Amino acid sequence: MIIQPRVRGFICLTSHPEGTAEHVKQQVAYVKSKGKIENGPKKVLVIGASTGFGLASRITAAFGSDAATIGVFFEKPAAPGKPGTAGWYNSAAFEQQATEAGLYAKSINGDAFSDEVKKQAIALIKQDLGQVDLVVYSLASPRRTHPKTGVAHASVLKPISQPFTNKTVDFHAGVISDISIQPVESEDDIDNTIAVMGGEDWKFWIEELKAANVLADGVKTVAYSYIGPELTYPIYRNGTIGKAKDDLEATVPVLNDLLADLNGVSYVSVNKALVTQSSSAIPVVPLYISLLYKVMKEKGIHEGTIEQIQRLFAERLYTGAAPALDDKGRIRVDDLEMREDVQAEVAKLWEKATTENLEEISDIAGYRDEFFHLFGFNFSNVDYEADTNEVVEVPSIKG
């Protein structure tokens, strides 16, 4: 079938198998270009492995360290006349690239919050790898059914104490407008968001993996967070999502105690603002990223998702020494984004940004490109007018 992008708001409803394969190929090529990561991981479990930072982590581990990888994700498979999700196609392309390189790669498609999927992952590790030496936790989901209580929790994106009003942009149309978001109506909004996006499920995973004796001595585990600039604090860091991130970060000492007898360690890595399916849904953030990209590209310090994660692995996690941490015990690979000169220039651009000057003072075109790249579109070497085979299987979960 011929597959074109169909967009509804911040979601692209279609994805292109050849375009997503190209996206994966480019990320693999970048990691290879940086050379091998000395003393990198060799047996890796990535929870949330199909898009964004999770996919980049799987690619970096495999092609930067020759690691065997197991990826867990929840994606819609392709069917005749119905394209699969981008994450499904990403995973198929990754497995193909890994197999061609002689690397072990298998995947599990299911609800990573569930006990059933945890058991599947443990069984696969026992069967094929014995133990893993790195566990990456990179889940991004709007809802979670709690495996112990059966309660369905839904996250919300809201400020907490008062309404938040600021600029935002429709990045498809290039129109800047003001947006107001009402605060939470009750503590339940905060509690539900923490239940979905906090650290409890990360802890459940590590507890189950340890109890099953599938964590290697010296194991590392890392989860991802974000802080961002003051202008996004009301809707992000000081909002409901920020409370969930606080909970995620507070899980680190709990896991360190749990892993102490294995000489293991856990980290939260604070990463840079990037175009992802999740960040595109947050008001204010697309405009901020568009301005940030403009400034960082002009300074020659811009990084995409794969550049961020390759640097995290090569310059923080696997240097042979413990990584430098901030005063709250976090790894910071948002250091370039948060440089004073970068933030000062973004703040100036923010104040004068209008619909009329947006194309000139921002990288809104680059934002759009990266958004469509997430779904396999806007690659110059892919013919989007040609028929493509939409039925692509992830080899390890075929049938």
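Data table
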item: Three-way shape label, region 283-399, alpha-carbon gyration tensor, a/c 1.5; result: oblate
item: By average C-beta atoms within 10 angstrom, highest first, the peptides 48-58, 93-103; result: 48-58, 93-103
item: Burial ordering of MET296, MET338, fewest other beta-carbon atoms within 10 Å first; result: MET338, MET296
item: Check: the chain dipole with +1 on Lys, Arg Cβ and -1 on Asp, Glu Cβ, in debye; result: 620
item: Rg/Rg_ref, region 1-49, where Rg_ref = 2.2 N^0.38 Å and atoms are Cα; result: 1.65
item: Where Rh is the Kirkwood radius over Cα pairs, Rg/Rh for region 111-183; result: 1.21
item: Exposure proxy order (Cβ contacts within 10 Å, fewest to most) of ASP335, ASP133, ASP383; result: ASP383, ASP335, ASP133
item: Near-label residues of region 6-38 by backbone N, under 17 Å of a point 7 Å along Cα→Cβ of SER380; result: 19, 22-23, 26-27
item: Size-normalised alpha-carbon gyration radius of region 68-107, reference 2.2 N^0.38 Å; result: 1.23
item: Order of ARG143, ARG237, ARG8 under a 10 Å beta carbon neighbour criterion, fewest first; result: ARG8, ARG143, ARG237
item: Cα shape, region 235-306, gyration tensor, a/c 1.5 rule; result: oblate
item: Global form of region 274-345, assessed from the alpha-carbon gyration tensor, a/c cut-off 1.5; result: prolate
item: All-pairs alpha carbon distance profile, region 74-217, 10 Å steps from 0, percent; result: 9, 26, 30, 22, 11, 1
item: For region 78-142, alpha-carbon Rg and Dmax in angstrom; result: 13.8, 40
item: Long-range lysine pairs (8 or more apart or interchain), region 257-399, Cα under 28 Å; result: 12
item: Helix-only [θ]222 nm of the chain, DSSP H runs n ≥ 4, -39500 (n - 2.57) each, per residue, nearest 500; result: -11500 deg cm²/dmol
item: Mean Cβ neighbour count within 10 Å, used as a protection proxy, ranking 9-16, 40-47 highest first; result: 40-47, 9-16
item: Region 13-104, Rg to Rh (Cα coordinates; Rh as Kirkwood inverse mean 1/r); result: 0.98
item: Once the Cα gyration tensor of the chain is diagonalised, semi-axes √(5λ) in Å; result: 31, 26, 21
item: Check: region 321-399 dipole with +1 on Lys, Arg Cβ and -1 on Asp, Glu Cβ, in debye; result: 440
item: Three principal axis lengths of region 187-297 [C-alpha, angstrom, descending]; result: 46, 38, 21
item: 5 Å binning of all Cα-Cα separations within region 335-383, expressed as whole percents from 0 upward; result: 4, 18, 17, 17, 18, 14, 8, 3, 0
item: Dipole magnitude of region 24-138 about its Cα centre (Cβ charges: Lys, Arg +1; Asp, Glu -1), debye to nearest 20; result: 180
item: Full-extension gain in nm, ASN263 to GLU393, via 0.36 nm per residue minus C-alpha separation; result: 42.9 nm
item: Leading residue at positive end of dipole, region 144-225 (Cβ point charges), from THR145, TRP202, GLN182; result: TRP202
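All of the numbers you see were taken from the coordinates with simple rules; none came from a lab. None of these values were measured; they are calculated from a predicted model. We place every Cβ from the backbone using ideal geometry, glycine too, and count neighbours over all the protein chains shown.
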